[in-house]
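Structure first, commentary second.
The values are calculated or read from the model by the stated rules, or taken from the named source; none is laboratory data. Just so we're clear, the structure is a prediction, and the values are computed from it rather than from any experiment. Methodologically, a virtual Cβ is constructed for each residue, glycine included, from the backbone with ideal geometry; neighbour enumeration extends over all protein chains shown. Accessible surface areas use protein heavy atoms only, side chains included; no ligands, DNA or RNA. Shrake-Rupley method; radii C 1.70, N 1.55, O 1.52, S 1.80 Å.
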Amino acid sequence: MTQVVLGENEGIDSALRRFKRQVSKAGILADAKYRQHFETPLEKRKRKAVAARRSRRFK
C-alpha cells in the first residue's frame, strides 16, 4: 500500500508528485490495467477454484 506523509511546509503539489512516483514504481496502475479485461464465466470459476485450493492449503 502506498502512502505519502506530508512534511511541515510541504505543498500539496509536491506531495502529489511523490505519490504518483511511488504508485508508478510499485506498478499499481500497470497491474490494474492488466487485470481490467473481460473474464469469461469459465475463467472466473477456474480462478475461484484455484483461490479456494490455496486458502484451504494455508489454513
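Output the residue which, of all residues in the stretch 38-58 that are outside any helix (DSSP H, G or I) and open to solvent by less than 90 Å² (accessible area, probe 1.4 Å), is modelled with the lowest pLDDT.
Here is the first cut: in the stretch 38-58, the ones outside any helix (DSSP H, G or I) are 38-40, 58.
Then drop every residue that is not open to solvent by less than 90 Å² (accessible area, probe 1.4 Å), which leaves 39-40.
Working: Glu39: 82, Thr40: 87.
Filtering the stretch 38-58 for residues that are outside any helix (DSSP H, G or I) and open to solvent by less than 90 Å² (accessible area, probe 1.4 Å), the one modelled with the lowest pLDDT comes out as Glu39.
From the list Arg35, Arg18, which residue is without any contact (Cβ under 8 Å) to a residue 40 or more places away in the chain and open to solvent by less than 100 Å² (accessible area, probe 1.4 Å)? If you could, list the steps in order and put the result at the bottom.
Working: Arg35 fails: open to solvent by less than 100 Å² (accessible area, probe 1.4 Å).
Exactly one of Arg35, Arg18 is without any contact (Cβ under 8 Å) to a residue 40 or more places away in the chain and open to solvent by less than 100 Å² (accessible area, probe 1.4 Å), namely Arg18.
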